[in-house]
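Report on the structure given below.
The values are calculated or read from the model by the stated rules, or taken from the named source; none is laboratory data. Owing to the predicted nature of the structure, the values given are computational and were not obtained by experimental measurement. Cβ coordinates were reconstructed from backbone atoms using ideal geometry, including for glycine residues, and neighbour counts include every protein chain displayed. Remember, those area values only see protein heavy atoms, side chains included, never the ligands or the DNA or RNA. Shrake-Rupley method; radii C 1.70, N 1.55, O 1.52, S 1.80 Å.
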Amino acid sequence: QLQLVESGGGLVQPGGSLRLSCAASGFTLDHYVLGWFRQAPGKEREGLSCINSGGTITDYADSVKGRFTISRDNAENTVYLQMNSLKPEDTGVYFCVADRWCRVDMRYWGNGTLVTVSS
């Protein structure tokens, strides 16, 4: 049973930083790409980033490019999202995702972790 469990969300002030983690289990992580989506209140889900199985190729949405960094540790079955220079618009539920390749409709989703950027 493939599972993804996010952690690290919370309340942060604009300009601050958070690091999200996602622990994967139930499958061989190095066979999968990993990524992050988010859903702001009342908005559609937005793909943020994806990283290939070897961790050598990454992709970012324009909205987070230069501020967010995705990384993975296959030995620990974990993917991370380092978020810097956070803005109120970054507020939302952040989901860890996994599939055989990066695509809009990723196959596996975690339950999400809430990030709130506010003064």
Over the chain, with neighbouring protein chains present, the accessible area per residue in Å² at probe 1.4 Å is 53 Å²
How long is the gain from S17 to E46 if the chain were fully straight, where each residue apart is worth 0.36 nm and the alpha carbon distance is subtracted? 8.5 nm
In whole percent, the fraction of accessible protein surface over the stretch 45-103 that belongs to carbon or sulfur atoms, probe radius 1.4 Å, stands at 47 percent
With a sphere of radius 11 Å drawn around the Cβ of V79, what net charge do the other residues whose Cβ falls strictly inside it have (Lys, Arg +1; Asp, Glu -1)? -2
Inter-part gap, Cα centre of the stretch 1-41 to Cα centre of the stretch 68-119, in whole angstrom, is 4 Å
Which net charge results when you count Lys and Arg as +1 and Asp and Glu as -1 among the other residues whose beta-carbon is under 10 Å from that of S63? 0
Convert each backbone phi in the stretch 108-119 into a coupling constant with the Karplus relation 6.51 cos²θ - 1.76 cosθ + 1.60 (shift: θ = phi - 60°), then list the ³J(HN,Hα) values in order as whole Hz, x for Gly and Pro. 10, 10, x, 8, x, 9, 7, 10, 10, 10, 7, 7
Find out how many positive minus negative residues lie around S21, taking Lys and Arg as positive, Asp and Glu as negative, among other residues whose Cβ is under 11 Å from that of S21. -1
List, in order, the whole-Hz ³J(HN,Hα) value for each residue of the stretch 8-20 obtained from phi through the Karplus relation with A = 6.51, B = -1.76, C = 1.60 and θ = phi - 60°; use x for Gly and Pro. x, x, x, 9, 9, 7, x, x, x, 9, 9, 10, 8
Can you work out the Karplus-derived ³J(HN,Hα) for every residue in the stretch 22-36? Use 6.51 cos²θ - 1.76 cosθ + 1.60 with θ = phi - 60°, whole Hz, and x for glycine or proline. 9, 9, 9, 8, x, 7, 7, 4, 6, 9, 10, 7, 10, x, 9
Which of S21, S85, S49 moves the most in a Gaussian network model of the chain with Cα springs under 10 Å? S85
